[in-house]
Each structure stands twice: as structure tokens, then as C-alpha cells.
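Novice: Below is a structure I'd like to ask you about.
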Amino acid sequence: MSDLFRVENLSKSFGGLAVSRNISLSMPEGERLALIGPNGAGKTTFVNLVTGQLRPSAGRVLLNGGDVTQLGAVRRVRKGLVRTFQVTRLFSDLTPEEHVTLTVLQREGKATRILSRFRGNTHVADEVHGILGTLGLHEVARRKVGQIAYGQQRLLEIAIALALKPKVLLLDEPAAGVPSADTPRIEQALERLPPSLAVLMIEHDMDLVFRFARRVVVLAAGEVIFEGGPSEVAADPKVREAYLGNYAHARSVA
Amino acid sequence: MQTILSIAIDALAFGMVLFIICIGLSLTMGLMRVVNLAHGAFAMIAGYIASYAARDLGLGYAASIFLAIIGTIVISIPLERFLYRRIYGSPELTQVLMTIGLTFCVIGITNYFMGPTLKIIPLPEALSQPLDVGFRTIAAHRLFVIACGAAVAGGLWYLIERTTFGIKLRATVDNAAMSDALGVRTQVVYAISFAIAIGLAALGGVVGAEFLPIEPYYALRYMVTFLVVVSVGGAGSIPGALIACLVLGFVDTTGRYLMPDFGNFFFYAAVILIVCLFPRGFLGRAQ
Amino acid sequence: MIAGKRILGAAVSAMLMGSVSAYADTIKVGIIGPFSGPFALQGKNFQAGVEAYMALNGKSVKGHDIEIIYRDLPAANPAQSRALAQELVVKEKVQYLGGVYFTPDAMAITPLLSQANTPLVIFNAATSAIVNTSPLVVRTSFTTAQTTNPLGKIAFNEGVKKAITVVSDYGPGVDAENAFRKAFEAAGGQVVEAVRMPMNTTDFSPIMQRVRDSGATGLFAFLPSGPPTLGFVKAFNETGLKKAGIKFYAPGDLTQESDLPALGEAAEGLKTSFHYSVAHDSPENKKFVEAAVKAIGSADQLSFPAVGAYDGMHVIYKMIEATDGKQDAKKAVDAVRGLSWTSPRGPVRIEPETRHITQNIYLREVAKDADGKYINKEIQTFPDQKDPGLATQ
Amino acid sequence: MHIMAQAGTVSAMPDAKSHLWRDAAGIALISACGAAGYWLFPDNLALLTRIVAVALLVLSIDLVVGYCGVATLGQAALFGAGAYAAGIACVNGVTEPMTLIAIGAIAGAAAGLLMGGVMLRAHGLAQLVLSIAIVQLFHEAANKASAYTGGSDGLAGLMVSPLFGLFEFDLWGRTAYLMGLVLLLLVFIALKFVVASPFGMLCRGIKQDPVRIRAMGAFVFPVLLKMFVISGAVAGTGGALAAVSTQVVGLDSVSFELSANALVMLVLGGLGTLYGALIGTVIFMGFEHVVSAFNPFHWMTMVGALLIAVVLAAPGGLTSLVGKVAASRQGKP
């Protein structure tokens, strides 16, 4: 019960279609877990269930031993359960600096203030530039997000998440759509994540998964079919079947 | 009992008039994603054409309706080609700005050419007689309107659910890019849908002229009512629009009978209640 | 002698010139009305009345040229009304204000008048209380109470003992309801039910059902002129109330002449009371109609606001005559207190006290004239009707 | 890292300063335009005052539509609440003009709270329809409560005492205009602070993506509701100004038509910039005034043509045109 984060028997169905079945997993402090699985395995649904965008049909989500299943998305974030988005959700006409500043202000409970200037606070500015610096975004800090490279937008997603000082971070495909030349920068950023943070990463890039994760969970058709170390994954027959079978199927459709 | 029946039949007739006019707007808003506030302006243009045809050219009622529908569609073609096509996919408020502008222009021009007075569309003898239906007399015209509404609902249902055009239309609405890739000429589908929507507005404008009399401010006067009905039904849904028209027609008519002093309160309170219970309208599509 | 005459002539002409340069300037009159928008037709009638008067009586008074400045106020909007009046007075330097279709618009202007030193001659706005808000207001139209009042007695005398009133739910509607109830009950009748319906009502069948259920044998209705009147009259016929012998009474707003071509057959036989019918038979009216039709462009569009404007111009001309072009609102208004003349609608008089017009009210019936055109045919005259709405205050 | 943060704060200073300068220049420009209006059109002050009152309404719409993405066609409900509150207070003996304005602002804010509470339950088209329904209900209520509001005859007979006991609200409308202008400037400056505050930034975020804002751990509903209250206060101020300057309140001040017109002015000027709201109001009302004086019988066609032309030439509103011209100038070598 000392786990920082636990999911117990989480299930979700849309109509008659079960997209998540009895998913259970737990993460201690400092965990680096990768959640992988073929397309349509229900990975993003899982993140949505955990973070409160979707209501589960059954099961519980526990954070620090407390049940957060009934809480909304906002309350879970405030308790330290933070996510990034698979397709970046950023404000195209704001700058990275503004994104992170807003996030820091929110965390400090100052984002709804009317009688203060958005940029007025020096210690917030310091923290913002610290975060942007860590992720190598200081050069584009003043450019509109719509004008910066996609890899930098992905980094900004992480920057926003970090600005919330999370306890558990769910990264939904942090390297998706990033040109391979920029992947090392993402990887670097991941390496620099605070050590005590529990991180769950969904990713397709297996190189990244193997370098990053200490533990891997494989999801197929809404079910956990494997849990173990990175080195054991490739050898598991169930995993091979899920991936290759799905791959063959995908090919026949295309 | 007699009173209830009587109110029910009035509500039905009024609801059907709303339905015939609004269903076209529901199609443009739900299927083509254009908030066409000038919809009523087309119904009004049709009313003027029909009135002109019947009174000045001496044509019969059926011929006037036909001419009004064709004439209105013909007028709408250049407008679709040169104005509406530019706002497909624009933000809703831009569409609102332009279609309000268009409405203003139509009103100004109509006022100039047709004069500000009321125009009537003379009914044929058969429709203008009060008909004795046992418990009261009712204008034959009302029964005709109810029949028209039923025919429009049935026809549209058949068109959309049972024809190839309907399949293409539904496909285009669900995913325009995909339909394009599958060889559906979406531009043509849009143009035809627009013409159908305008044609229905025209039909509604003419047969509904006994309820909503034709005058230059028609286009603005009923704009809100049409918009409200479409939203309550759920833009793009035929059964939704039908339910909305009948429910609102019923609320309106009953409210005006029971407590005429507070007629508007009933209507808008019902709207607020329905919208809060069904935020996408009765049968609106999920976003 | 000749030389002397010449000198005298020169002196006289010099004096005249002098007086010309001193007084024969242009006197501006500002007219506010709905010249566009849903009520544009009523505004057009204002203009027709003004133009008809000037065509028949000349464009100058005592050598002062009259210039009319129109300002558009499409719908009831007191703030804009005040802005327009202010602009007319301050910028255009008008000496007289006229027009005004809606009551709230008039109410917005009246507080300005004494400071502006400008009289306001109301061509239409029909709520009694307007004339009380400033001593510089004169009204040449009518009030709803004034035109409604005789109906109570008429209805009772025609055998209606129980009546239901149905009015549009706004100021004039409520005025009409009260005026009818008062007159009808004074005559001995009983108003069994009073229905107020929202302004935007388009389907009147449920109202008619209510009329039927009320058990009344007479229906009194008030609707403002315009599109809904058509639906109301049709609903009355179609729901069988007409056939059932229920008697229908209304002030003439319901059957204004510009709506008659559309109402046509449906309204035939309908009895209304009003201060003016375009079909009024008198030489004054003949002259007026001819000139006004010329101004408005089509005989179908001429209606009652034109006569209010026509008589309003008469009052303004008299004011100018009395003040000889000098701006003196009090003197101008005093000059027309008690003024009486023969208007196209019949003999009229401005009451010295109330500054409201006293006039004949006619009972009229919608009928076809010799050309087959529908008219409001006058069948009974109630002479010298004051505004009962004011008398009660 | 420490050095980098230092550099960051240093570079943040001139940025904030340049914003401040730009805003100061903008406010100076508005004051100059207002003063120019006073000297150039001394005979049209009533119209100019009305433009100022409507500009406040349009600004208030900009707050919810332009900054929060909540579409409304019912903002006149808040304007009218302010106008009627000030009017009723005035008839009942509260005649000090600044007190009346404050009463209007409070009433507008209260109405904003109510309206926001209902409207924010829905989204998109349904929300728009709720706004229409609400303004119609307000209109009906004002018509029905004629004992207090004067109903369709309007609430007349407002005797406003001189401003600060010195300046009368007279025929020439100087006091009313100058008071309105100063009010507008104060509101504008206040709103500049609001939109530049963390709260303002949060609203801009919500407009673009409420899901992202929730993932940042911020609630959406209370933020939008707060903006509705602010917006209501601004609209109520406009309504009270209209009531004080015209000394009459009519049903038109709670009408759908006024709401729709004001929204059209906003879209015409450009959403999401406070300047757009002002430019749209001045252009629309000025155009309407000139054209309707020039030809009172057919101005509607021309206004309609103007709106269509703007959509075709500058779909983002007139301020976007200014932005485009500036951008093309910068693009030139």
C-alpha cells in the first residue's frame, strides 16, 4: 500500500464495446514505467480514465493511498496526477513563456487574480525560465507556439506538466510526430525528469522505451497481457502474437 | 375535451409551418455547418414571388408555389456561388455577420421594389373554406399545411435514408475529406443540399403565409424563432426538428390559450429547460 | 412727384429688404419618424402628410421659408430619439419639432423642450400622458382611449351584454382595454374576461378558442397596425366565431387603409371606430387625399398617420405665423391653444388646457366602394370627442 | 541555470514596458479621438454619448465572446438591467449621477452572474439559444413589470442632479458626453488590466482549449462566471450611462435587436482586442448615422452591403485589416 499510484481493476465500455478490461497496475515513487501496445489497444483511453477525462465503468484509481476515482480532472491535477497529450494541445497564439507562466501561476493559486500583472512576479519568472531552460526552450520562449517546431511543442507539453510539480506524470507518446533528428532532445528531457517523480510513458518508439523504462506493461485489446522488465518483453509469446498479429491485420486493411 | 382537441390541432398546424421552414435551416446548419440567418429571407422572397404570380400574373395556387420555389432557388444560386462558398468553414460569427448583412440587403431591396405593405397569397376556393370537423370549424388551409409538413418529413426521410444521394450526403457530413477521396463530389452535394434547403424555405414561406404574413421585415421578425427551433431540435436532424417544432408549437399554442398574458414566458422558459436537459438539442449529433 | 414716389419706393423696398434680411430666413422644422424598418410605411405617411400640406399651402409663411429635416427612428428607441431631437435642435437649429410615432420616443424628447425653446407637435404617439410631461407639447393625432371610448356604448346598444377584451400586451393595448371596459361597463355591459397577448403573437387560434370558451357575445380587440392584424382577423373568421354571431369591435388601427388590400374580404363588415378614414367624404379630404397620394406614390399606402402629420403642419404653420419667425416656444404654443379648423377628418380643435386635439370619432364598416376597393365606410359620427384618458387624470 | 533565469528576468522587463507604452499610446489616442469628437462635432454630442454607451456594451460582449469564446446574442439583458436599475433608482430619489452609474454596474454584474450561471451549462449553438431566450425573458419581464419600468411606454421622468453638484445634464449634452468619455476611458484602462492579468490569460486559454486548461489544473466554470460578472458590470455601466444621459429607459435597451446589433459591431471591428470593440462601434454607428441622415429610406441596404463587404475583404474584422497592413509594411525591405 506504500505505492504512490495504483490502478485497480479499471474497466470502461462504450455501449457493448469494452475498451479497457480489469486493468491494474501500481507505481512507487521514482518509477519509470512504459505502457506499450498495438494501435487500438486502449492506451489513450487508459490515460483518459486515469486522469479523469473519462469516467470508468468500474475500478478504482488511488493516489497516495487516497481514492481519486470520483474526482474530476482538475482535482486530480491538483493532487499531482498530471498528463501530457498525444496530439499537442497548446494555445497557438501564446508563447511558451506565457504557457508555463500561466501554469506556474495556476499551481500557486494566482491564475484567477485580476489585480496583478501576468508578468509582474519575478520569482515566477525565475521558475518559468528555469523550466524552459532545462528543456532547452529558452531560445523560443518569446515566439508564438504556432511558429515553433513540433519537437519544441512536444517539449513544451512536458514543460507545462513539470510546472505543475507533479507526483505522477503520464506522458502520452511524447515523441510522436517528432522528426528523428529531434528525438534526442526529448530523450534528454526525459532523462532530466526529477528522480522522485513516478513516470508512466506511452510510446511506440521502442528504442526510447528500452532506454527509458525500468518496467514495461503491454496492453492489448484493453487488457494487460504482460508486465515485466524491458529485456523480457520481446521474448514473450503473447506480446509477439498481439503485435505481429495486429501488424499482419493492419497490413491487410491498408 | 373539445377544447383540448381544438388546441391540439392548432398546435399541430403551427408546428408544421415551423417545421417546413426550419427543416431547411436545420440541414444547412447541421450538414453544411453554415449558420444561415438569411434563411427566413429566402422564405420571404418566395412569398413575394408567389404573391406576385397569384395576384399580378393570375396563376393558380399550385403554379404559384411551384414558381416561387423555382424562382427562389434560381435567386439563391449566384448567392451560394459568390457569397456562401466563401464562408463554408469560416468561424460561426463571421457567417452570422455576413448572413445578417445579406438579410439587411434583402429587406432593403424588397422594401424598395415591393413596397412596405403586407402581401397576401390568395388561397384557392377549396382551401379558404372553413371546414367543419365535428367539434369545431377549422380552415381547410390548416389541414393542407399539416399534410404538407407530413409530406416534407416523409420525403426528406426517404431522400436521406433510402436514396444514393442520401448515402452520399450522410457520408459527406460524417467525413467530407474521406467522401472526397472515395469519389463523392462534395461541392455538388453541398450545392444540391443548399438548393433543397432553400426550396424548403420557399415552400414554407408560401404555405405558411397565413400564419407568418409576408412583409419586408419577415426576414428579421422570425429569425430568432427559426434559430431557436433548429437548435432545440438539434441541427441536422429531421426527426429532431420535427419533435422540436411539435413540442414548441404545442407549448406556444397551449401557453397562449391557458395564460395568454405570459405566452412568451412559457415559450422561452421551455426553450431554456429543453436546452439545459438536451444540450445538443433533442436529437443533435455528438460533436 | 415722380422723383418723390421713386424715393419712397426705394425707401419702402429698402425697408422690405431690411425686414427680409432680418426675418425672411429659413425656418427649419425637424420631423422624427420611422422612415425605415418595420414601420416604414407609417413614416412614409408622415412625409406624405407634410408634403401634401406644403403643396397645398405653400412652402413659406409670412415670407419665411420652411425647410423640413427628416430624421429616421426605425423602432421605439428613446435614447436614439433623444439624440436625434438634440441634434435637430442644437446642430440643425430647428425651431419646431414634429412627428414621433411611438410613445416612449415622445417621452424622451419632452424633457428637452423648455431648454431648447422648441415646441413639439406630435403626429401620432397615442398615450394620453405625453401632453402632461411638458407644456410645449401639442398633439394632432388621437389617443387610444379617445378612439376606443365610443365602442363601449355601441357594443351595448347592439345587444352585447357580455364582452371579452383581447389586446396586445403593451401600453396602448392596456389603454384600449381600460377605455373599453370603462365605457362598456358604464353602458351596463360586463367584461367577462380580459386577455393580453404578447406583441409577437402570430397564431391567434388559441386566443379565439379562449374567446369561444368565455361565453362572451362581443369581442373587443386592439392590435397595433401591421402584419399581425391580418392573422387576427382571419383567425376570427376561420375558427367559426364570425359564423357563431360573435360581434367584433376594434379601434381603427386594426383596419388601417394600407392593410385593407391584404385584409380584403376577411375584414368585410368589420366595425371599427377611429378619428379618420381615407374615405371620409368632404372637399377638404378630397383635396388632401389627392395631394397625399401624389406624395406617397400609391393610393394603397395612404393611411391615418398622414392626416396627423397634415394637421400637425397646420399647427406648426399657425405657430410660425404667430411668432413671425422668432423662436419663442411658449408664444407659439399659446397661439394654437383653442385653435379650431376643418381638417380632412372633419372639424377639430386644440383644447386650450390639454393641448390635445378634440375631434369627431367615426364608427366605420369595412365595405367595398364603387370601384370594388375596400374602404372604411363611415356609418356613424360621435362629434367633439375629447381624450377621456386625460379627463380621468 | 541561475544565469539563464537572470537573463530571462532582465529581458522580461523591456517586454512588459513596451506593452505598457503601447497601451498608454492607445489610451492617449482614444482620449484624443474623444476630445476631437467634442471639438469637431459639438452639435452631435447626444449621438456621441450614445456611441459611448453602446461602446461599453460592445466591450462587455468582447469580454465574453472575444476573450472567452462564449457566443451570446443576449448581452442587452445586462445592459438593460443596468439601465433599468439606474432608472428606477433615479425615479425613487437617488439622483446623484455617479451613484446611479454604480447602481447600474452592480445590477449589471448581478444579471451577469445569473446569465452566466444559466448560459455556461451549454456550449455552442445551444449556448447562443440560451442567451436569446434569456434576453427575451428579461424583455418580457420589463414589459410586464410596468409599474416599475413603465413597460412599453418607457421609464420617463428621470431627474438627474448635476454632476458633482456643478455640471448640469443639459440640452447640449456636454456633461453627459464628457462623463461618458471619462467612464469609457476608465473602463477601458481597467479592462486592459483585466485582460493583461493572469485571469485574462486564463480566459484566453479557455477560449482556445478548455480541456488543456483543465489539464493545467484550473477550473473553467468559475473563471467564465467571473468574466460574466465583470462583463455584466461593464454592460450595466453602459446601460446606466444611457439612462442618465437620455433620462429615459425604453424596452429597446433589453432587446434582442440591441444584442444582435452590438455583436455585429464587435465582429465588424474584430474579436478579442478591446480596440476592435471601439472601432466596430464607432464605424457601425457612425455609418448608420451618416447614411440614415443622407437617405433615411434606404440605409438598411447600405449597412447590409457594408457587412458583406467586410466579411469578404476582412473576415477577421477591421482591426485584422490594420494588422495585415502593418505586417505587409514590415515585410517590405
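Novice: Considering (1) surrounded by 22 or more Cβ atoms within 10 Å (Cβ to Cβ); (2) small (Gly, Ala, Ser); (3) modelled with pLDDT of 90 or more, say which one B:Ser231 fails and leave the rest.
Specialist: Exception for B:Ser231: condition (3).
Novice: If you go through the range D:225-236, how many residues are away from chain A (no Cβ under 11 Å) and closer than 15 Å to D:Pro198 by Cα?
Specialist: The qualifying residues number 0.
Novice: Output the residue which, of all residues in the range D:145-186 that are among the hydroxyl-bearing types (Ser, Thr, Tyr) and in a helix (DSSP H, G or I), is nearest to the other protein chains (Cβ to nearest Cβ).
Specialist: Ranking the qualifying residues of the range D:145-186, first place goes to D:Ser152.
Novice: With the condition kept exactly as written, say whether any residue in the range C:287-296 is more than 24 Å from C:Phe39 (Cβ to Cβ), away from chain B (no Cβ under 14 Å) and free of Cβ contacts under 8 Å to residues at least 12 places away in the same chain.
Specialist: Among the residues of the range C:287-296, at least one is more than 24 Å from C:Phe39 (Cβ to Cβ), away from chain B (no Cβ under 14 Å) and free of Cβ contacts under 8 Å to residues at least 12 places away in the same chain, which makes the answer yes.
Novice: Quick check on the range D:240-267: of everything there that is touching a strand residue (DSSP E or B) at 6+ places or on another chain (Cβ under 8 Å) and in a helix (DSSP H, G or I), which residue is farthest from the other protein chains (Cβ to nearest Cβ)?
Specialist: D:Ala243
Novice: Restricting to the range B:63-78, name every residue that is closer than 12 Å to B:Pro124 by Cα and free of Cβ contacts under 8 Å to residues at least 60 places away in the same chain.
Specialist: B:Ala63
Novice: Follow-up. Determine the pairs where a residue that is facing another protein chain (nearest Cβ under 7 Å) and buried (at least 24 other Cβ atoms within 10 Å of the Cβ), located within the range C:102-113, has a partner that is part of a loop (DSSP other than H, G, I, E, B) and hydroxyl-bearing (Ser, Thr, Tyr) with Cβ atoms under 7 Å apart, the partner being 6 or more residues away or on another chain.
Specialist: Listed pairs, sorted by first residue: C:Thr103/C:Thr127; C:Met107/C:Thr133.
Novice: I've got another one for you. Residues in the range D:19-76 that are farther than 30 Å from A:Arg142 by Cα, in a loop (DSSP other than H, G, I, E, B) and of a type in the set (Phe, Trp, Tyr): how many?
Specialist: 1
Novice: Condition check: farther than 30 Å from B:Lys168 by Cα and either crowded, with 20+ Cβ neighbours inside 10 Å or modelled with pLDDT under 90 (or both). Does B:Thr103 satisfy that?
Specialist: Judged against the criteria, B:Thr103 is a match.
Novice: Still on this model: May I ask you to list the residues in the range C:319-338 that are surrounded by fewer than 18 Cβ atoms within 10 Å (Cβ to Cβ) and either closer than 21 Å to C:Asp281 by Cβ or not small (Gly, Ala, Ser) (or both)?
Specialist: Passing the criteria: C:Glu321, C:Asp324, C:Lys326, C:Gln327, C:Asp328, C:Lys330, C:Lys331, C:Asp334, C:Arg337.
Novice: Sticking with this structure for a sec: Just for helices (runs of 4 or more DSSP H) wholly inside the range A:151-233: which have at least 1 residues that are within 14 Å of chain D (Cβ to nearest Cβ)? Don't jump to the end; show me each part of the working.
Specialist: Numbers: elements: A:183-191, A:206-212, A:230-233.
Fully inside the range A:151-233 and qualifying: nothing.
Novice: Follow-up. If you go through the range D:242-263 one residue at a time, do you hit one that is under 12 Å from the mean Cα position of the chain (by Cα), more than 26 Å from C:Met199 (Cβ to Cβ), surrounded by 24 or more Cβ atoms within 10 Å (Cβ to Cβ) and not hydroxyl-bearing (Ser, Thr, Tyr)?
Specialist: no
Novice: Look at the range C:93-119 and say how many of its residues are under 24 Å from C:Pro224 (Cα atoms) and polar (S, T, N, Q).
Specialist: Qualifying residue count, the range C:93-119: 2.
Novice: Right, D:Arg204: within 23 Å of the chain's Cα centre (by Cα), assigned to a helix (DSSP H, G or I) and within 9 Å of another protein chain (Cβ to nearest Cβ) or not? Reasoning before the result, please.
Specialist: On the way: within 23 Å of the chain's Cα centre (by Cα): yes; assigned to a helix (DSSP H, G or I): yes; within 9 Å of another protein chain (Cβ to nearest Cβ): yes.
Answer is yes for this residue.
Novice: Here's a follow-up. With the requirement that a residue be buried (at least 22 other Cβ atoms within 10 Å of the Cβ) and of a type in the set (A, V, I, L, M), what does the range A:48-62 give you?
Specialist: Result: A:Leu49, A:Val50, A:Val61.
Novice: While we're looking at this one, here's another question. Can you find a residue that is in contact (Cβ under 8 Å) with a residue 24 or more places away in the chain, within 14 Å of chain C (Cβ to nearest Cβ) and not β-branched (Val, Ile, Thr) anywhere in the range B:186-205?
Specialist: For the range B:186-205, residues in contact (Cβ under 8 Å) with a residue 24 or more places away in the chain, within 14 Å of chain C (Cβ to nearest Cβ) and not β-branched (Val, Ile, Thr): present.
Novice: Tally up the residues in the range A:178-189 that are of a type outside the set (Val, Ile, Thr) and either buried (at least 19 other Cβ atoms within 10 Å of the Cβ) or touching a residue at least 40 places away in the same chain (Cβ under 8 Å) (or both), please.
Specialist: Result for the range A:178-189: 3.
Yes/no matrix, rows are residues, columns are (1) crowded, with 17+ Cβ neighbours inside 10 Å; (2) more than 7 Å from chain D (Cβ to nearest Cβ); (3) in contact with a Ser or Thr (Cβ under 9 Å, 6 or more places away or on another chain):
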{"site": "B:Ser64", "(1), (2), (3)": "yes, yes, yes"}
{"site": "B:Leu67", "(1), (2), (3)": "yes, yes, no"}
{"site": "B:Ser76", "(1), (2), (3)": "yes, yes, no"}
{"site": "B:Arg85", "(1), (2), (3)": "no, yes, no"}
{"site": "B:Tyr88", "(1), (2), (3)": "no, yes, no"}
{"site": "B:Thr94", "(1), (2), (3)": "yes, no, no"}
{"site": "B:Phe113", "(1), (2), (3)": "no, yes, no"}
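Novice: Report yes if some residue within the range C:48-62 is within 16 Å of D:Ala293 (Cβ to Cβ) and buried (at least 24 other Cβ atoms within 10 Å of the Cβ); otherwise report no.
Specialist: The answer is no, given that none of the residues of the range C:48-62 is within 16 Å of D:Ala293 (Cβ to Cβ) and buried (at least 24 other Cβ atoms within 10 Å of the Cβ).
Novice: Regarding the range A:66-77, can at least one residue be identified that is farther than 20 Å from A:Lys167 by Cβ and surrounded by 19 or more Cβ atoms within 10 Å (Cβ to Cβ)?
Specialist: No, the range A:66-77 has no match at all.
Novice: Output the number of the condition that B:Gly240 fails; it satisfies all remaining conditions of (1) within 20 Å of the chain's Cα centre (by Cα); (2) within 11 Å of another protein chain (Cβ to nearest Cβ); (3) of a type outside the set (Asp, Glu).
Specialist: Unmet condition: (2).
Novice: Being in contact (Cβ under 8 Å) with a residue 24 or more places away in the chain, within 9 Å of another protein chain (Cβ to nearest Cβ) and in contact with a Leu (Cβ under 7 Å, 6 or more places away or on another chain) is true for just one of C:Val89, C:Val94, C:Val137. Which residue is that? Steps first, please.
Specialist: On the way: C:Val94 fails: within 9 Å of another protein chain (Cβ to nearest Cβ); C:Val137 fails: within 9 Å of another protein chain (Cβ to nearest Cβ).
Answer to the selection: C:Val89.
Novice: Same structure, new question: Mind counting the residues in the range B:161-181 that are modelled with pLDDT of 85 or more and not in a helix (DSSP H, G or I)?
Specialist: Summing the residues that are modelled with pLDDT of 85 or more and not in a helix (DSSP H, G or I) in the range B:161-181 gives 1.
Novice: Suppose we filter the range D:93-122 for residues that are closer than 18 Å to D:Leu163 by Cα and not charged (D, E, K, R); how many remain?
Specialist: Counting residues in the range D:93-122 that are closer than 18 Å to D:Leu163 by Cα and not charged (D, E, K, R) gives 12.
Novice: Sort through D:Ile189, D:Ile213 and tell me the only one that's in contact with a Gly (Cβ under 7 Å, 6 or more places away or on another chain), away from chain C (no Cβ under 14 Å) and in a helix (DSSP H, G or I).
Specialist: Going through D:Ile189, D:Ile213 in turn, just one is in contact with a Gly (Cβ under 7 Å, 6 or more places away or on another chain), away from chain C (no Cβ under 14 Å) and in a helix (DSSP H, G or I): D:Ile213.
The values are calculated or read from the model by the stated rules, or taken from the named source; none is laboratory data. Please read all numbers here as calculations on a predicted model, not as lab measurements. Ideal geometry is used to build each Cβ from the backbone, glycine not excepted, and the neighbour counts take in all protein chains shown.
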